[in-house]
Amino acid sequence: MADTPKAAPQSPKPSEPTARELRRSAARARREARALERQAGRDRRRAERGEVRRFTRHSRRRRAVVIGIVTSFSALLAGVIAVTFSPLMSLATIDVTGTQRLDAAEVTAALDEHLGTPLAFVADSAIGDDLAQFALIRSYSTEIVPPNTLIVRIVERAPIGAVEAPAGLELVDAAGVVVETVDAVPEGLPLIQLASGEAGERAFASVADVLISIPREVAARVETVTATTRDDVTFELRGSGHVVMWGDAERSAQKARVLDAAIAATDQGTRWVYDVSAPDSLVVRDANG
């Protein structure tokens, strides 16, 4: 008789959690959640305290830097003010240079009111106002030399010729300013002969342009110079009596070369008229013809 097969053993079924176990599990979960929450709170507070400490350190450093800058600037400003107003940095010496016709001592005396002024407050415009009384001053420049010296460099007006006036012969510069009154025309300067009135004033401007543009060696030979219009300046050469029709001030260097060549090529026993007003077309004729 065949054996009857035995049934396979069955695994025991897991038991269902009881209500107590469920409560315990829930309580444990709550405790763990509270622990995590407390830990998160501690971590957050720790991070906040670290952030506050970092911010506080940064603020202290920034405040220290700002205080240091303000203190340094204040000290520097105080030093500058102290030096600026110190008697050691006040004007004590005025040196005037460049004067020839002017008396340097007289110019210096006119600036004495600035002595004792802090160098930083010595105004160039105020110096100019004091120098305006000297007609012979064409221009000036100033230089402050610490600790207490002011140098005033004078450029005087240079006469270009002499004009006849009721009081005598007046030496005038290119602007027509009277530099000096003399009894005779100084050597090396021409006598300027012009019509009176507005026409003479216009002619003088043309003469002045020519006299300051011609080469020095030519100017030294000019004895008299005349003009009636802007472009008909004419002068007579000293010693020879030659007449030079110069025209206006344009191309003066070329006119001077043409004049020198014409004088060299002509008989100096004769008095000539040299017309170099158009230097490309020189005209020479006998002054007595």
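For this structure, a couple of remarks:
- Residue match in the stretch 207-226 (condition: closer than 24 Å to GLY168 by Cα, touching a residue at least 24 places away in the same chain (Cβ under 8 Å), of a type in the set (Ser, Thr, Tyr) and touching a Leu at 6+ places or on another chain (Cβ under 6 Å)): yes
Conditions (1) under 31 Å from the mean Cα position of the chain (by Cα); (2) closer than 23 Å to ALA220 by Cα; (3) surrounded by 18 or more Cβ atoms within 10 Å (Cβ to Cβ), marked per residue:
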residue: SER141; (1), (2), (3): yes, no, no
residue: LEU150; (1), (2), (3): yes, no, yes
residue: ALA175; (1), (2), (3): yes, yes, no
residue: PRO190; (1), (2), (3): no, yes, yes
residue: LEU194; (1), (2), (3): no, yes, yes
residue: ALA208; (1), (2), (3): yes, yes, yes
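- Taken together, the residues in the stretch 213-248 that are among the small types (Gly, Ala, Ser) and surrounded by 20 or more Cβ atoms within 10 Å (Cβ to Cβ) amount to 3.
Results for (1) open to solvent by 100 Å² or more (accessible area, probe 1.4 Å); (2) modelled with pLDDT of 75 or more, shown as yes or no for each residue.
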{"position": "ASP3", "(1), (2)": "yes, no"}
{"position": "SER15", "(1), (2)": "yes, no"}
{"position": "GLN39", "(1), (2)": "no, yes"}
{"position": "VAL52", "(1), (2)": "no, no"}
{"position": "ALA82", "(1), (2)": "no, no"}
{"position": "MET89", "(1), (2)": "no, no"}
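- Total residues in the stretch 152-173 satisfying the condition of being over 20 Å from the mean Cα position of the chain (by Cα) and of a type in the set (Lys, Arg): the figure is 1.
- Only a single item in (1) in contact with a helix residue (DSSP H, G or I) (Cβ under 8 Å, 6 or more places away or on another chain); (2) part of a strand (DSSP E or B) is not met by ALA126, and it is number (2).
- Residue match in the stretch 105-122 (condition: open to solvent by 100 Å² or more (accessible area, probe 1.4 Å), modelled with pLDDT of 90 or more and assigned to a helix (DSSP H, G or I)): yes
- Hey, ILE151 of a type in the set (Val, Ile, Thr), part of a strand (DSSP E or B) and out of contact with any Gly (no Cβ under 8 Å at 6 or more places or on another chain) or not: yes
- Residues located in the stretch 123-139, provided they are of a type in the set (Asp, Glu) and open to solvent by 60 Å² or more (accessible area, probe 1.4 Å): ASP124, ASP129
Each row is one residue, and each column tells you yes or no for (1) small (Gly, Ala, Ser); (2) in contact with a Ser or Thr (Cβ under 8 Å, 6 or more places away or on another chain).
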| site | (1), (2) |
| --- | --- |
| THR142 | no, no |
| VAL152 | no, yes |
| VAL155 | no, yes |
| GLY161 | yes, no |
| VAL172 | no, no |
| VAL182 | no, no |
| SER196 | yes, no |
| LEU211 | no, no |
| ALA219 | yes, no |
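- Unmet criterion (only one of (1) open to solvent by 60 Å² or more (accessible area, probe 1.4 Å); (2) under 20 Å from VAL163 (Cα atoms)) for ALA265: (2)
The values are calculated or read from the model by the stated rules, or taken from the named source; none is laboratory data. From a predicted model like this one, the values you see are computed outputs, not experimental measurements. Note that we place each Cβ from the backbone using ideal geometry, even for glycine, and neighbour counts take in every protein chain shown. Accessible surface areas use protein heavy atoms only, side chains included; no ligands, DNA or RNA. Shrake-Rupley method; radii C 1.70, N 1.55, O 1.52, S 1.80 Å.
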